[in-house]
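I have placed the structure first, in the form of C-alpha cells, so that the comments after it can refer back to it.
The values are calculated or read from the model by the stated rules, or taken from the named source; none is laboratory data. Nothing here was measured: the structure is a model prediction, and the numbers come from that model. Cβ atoms come from the backbone with ideal geometry, glycine included; neighbour counts cover every protein chain shown.
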C-alpha cells in the first residue's frame, strides 16, 4: 500500500494547498485536478526522459549500477517495442509467448512524451495479463481520474522478449529496471512519486 499523505518524504505534490480531494477508498471516488495529474506525470517524465530516448549519461548511471548492469539496463528500448492495447489477452492468438519483461506505458497530452507506469516479469507473456493483477486496478483508477480531469489516457503494454529464461535471473533484471526507471505503480517506488492511484485509504 502507498503510505499516507502526511509523510514528509512524499514531497509537495499532495500537500495541504493541493487542489485535490480524496474521499474514502479506491472503490469509491478519487478526484484529482488537471494540474495535479499533469504535475505528477511531468515529474515522472523528467526522470525517465533520458533513459527513454537513450540519452542517459553512462557516468550518471554507473553511480548506481556496475558497467555490466548499466549495459543490461540500456538494452531495453521501450519505444521500439510493439505497443499493444491492454485487452490484447482477449485476442484469439497471442502476439507474444514465453518469458518476458512487460512494460505498461501512457502517451501524454504532448504526443512526444511517454511515461512508464509499471514494469513486471512473466514466464508466460500470453497468460500473465489475463488473471488477477493489482496493476489493473491502479490503471482503472488512473484512467478514470484522467477522464474526470479532462485529460486523455492512451495506455498500452509492451513485451520485451530478450530476457533470461531462468525466473530468478529475470526477476533480478526486473528489479534493476524498476530501480532505473522508477515506474510509479510498482510497489518499490510508489512513495517516491506519492502515487495516488494505488492506496485504499487516504
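Observations on the model:
- Among the residues of segment 158-170, the ones that are surrounded by 14 or more Cβ atoms within 10 Å (Cβ to Cβ) and out of contact with any helix residue (DSSP H, G or I) (no Cβ under 7 Å at 6 or more places or on another chain) come to 3 in all.
- Qualifying residues in segment 114-136 (those that are under 14 Å from the mean Cα position of the chain (by Cα) and either more than 22 Å from residue 51 (Cβ to Cβ) or surrounded by fewer than 18 Cβ atoms within 10 Å (Cβ to Cβ) (or both)) - the one modelled with the lowest pLDDT: 133
- Any hit, segment 97-105, residues being at pLDDT below 75 and over 17 Å from the mean Cα position of the chain (by Cα): no
- Residues of segment 143-153 that turn out to be assigned to a loop (DSSP other than H, G, I, E, B), surrounded by 14 or more Cβ atoms within 10 Å (Cβ to Cβ) and in contact with a strand residue (DSSP E or B) (Cβ under 9 Å, 6 or more places away or on another chain), as a count: 1
- Test: residue in segment 154-167 that is in a helix (DSSP H, G or I) and on the phi < 0 side of the Ramachandran plot: yes
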